[in-house]
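What follows is one structure encoded as structure tokens, with my remarks underneath.
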Amino acid sequence: SSRLHTAKILRLSMDLPLVIEIVDSDEKINAFLPVLDPMIVGGLVTLEKVKVIDYRAGAEHGESQ
């Protein structure tokens, strides 16, 4: 006698965490931080160094792989 209560499932997804990642040079990121500041009402902003191991751009429209 199980039922799927979709209203409850939708309620669970109303306040899920959100992660936005921006990858660019230190100079561009640091220049963007003052623009970002007024956009953030609540949350966490971190700045991390990364080591890119591999980057593969997707195929352009019309190109076969």
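The values are calculated or read from the model by the stated rules, or taken from the named source; none is laboratory data. Computed from a predicted structure; not experimentally measured. Here the Cβ positions follow ideal geometry from the backbone for every residue, glycine too, while neighbour counts run over all protein chains shown. SASA here: full protein model, heavy atoms, side chains in, ligands and nucleic acids out. Shrake-Rupley method; radii C 1.70, N 1.55, O 1.52, S 1.80 Å.
Some points to look at:
- Of all residue pairs spaced 6 or more apart or on separate chains, those with beta-carbon atoms under 7 Å, a first member in segment 18-32 that is closer than 12 Å to Leu47 by Cα and a second member that is surrounded by 10 or more Cβ atoms within 10 Å (Cβ to Cβ) are Ile22/Ile29.
- Residue within segment 16-28 that is in a loop (DSSP other than H, G, I, E, B), open to solvent by less than 90 Å² (accessible area, probe 1.4 Å) and hydroxyl-bearing (Ser, Thr, Tyr) present: yes
- Considering segment 34-59, the residues that are open to solvent by less than 80 Å² (accessible area, probe 1.4 Å) and more than 16 Å from the chain's Cα centre (by Cα) include one that is nearest to Val19 (Cα to Cα), namely Val35.
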